[in-house]
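Please treat every number below as a calculation from the coordinates, not as lab data. Treat the numbers as computed from the prediction; the structure is a model and nothing was measured. Neighbour counts run over all protein chains shown; Cβ positions are idealised from the backbone, glycine included.
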Amino acid sequence: MKQMRNLTYRNLMAVIHKIEAKGYDFQESERLARSVFVEFEANPLGMSIEERVRRILTKEEWERECRECG
């Protein structure tokens with residue numbers, strides 16, 4: 001599989017769908033996907049885009065952490 005590197009419509013939609021699978025709605029997923037690409041562009045030698053997406057918490061985990069933190 002070819003690694004994603006550039007912000008193209010196809011790559012953006014692929015990342016959005018992966019994030020939606022974690023329980024986020026489309027708007028939240030789009031915002032998170034765009035931030036993944038911005039982070040990658042700022043540090044391309046760090047984690048890959050795929051790894052950054054894998055590290056995004058599921059919506060349920062994120063909400064649980066928010067409740068615990070107050």
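Quick rundown of the values:
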| item | result |
| --- | --- |
| Filter result (of a type in the set (A, V, I, L, M) and free of Cβ contacts under 8 Å to residues at least 24 places away in the same chain) within the stretch 14-50 | A14, I16, A21, A33, V36, V38, A42, L45, M47 |
| Residues of the stretch 20-62 classified as in contact with a Phe, Trp or Tyr (Cβ under 9 Å, 6 or more places away or on another chain) and among the hydrophobic types (A, V, I, L, M, F, W, C), total | 5 |
| Residue selected from the stretch 1-13 under the condition without any contact (Cβ under 8 Å) to a residue 12 or more places away in the chain and of a type in the set (A, V, I, L, M, F, W, C), by the criterion surrounded by the fewest Cβ atoms within 10 Å (Cβ to Cβ) | M1 |
| Top-ranked residue of the stretch 14-50 - restricted to ones that are among the aliphatic types (A, V, I, L, M) and crowded, with 17+ Cβ neighbours inside 10 Å, ranked as farthest from E63 (Cα to Cα) | I49 |
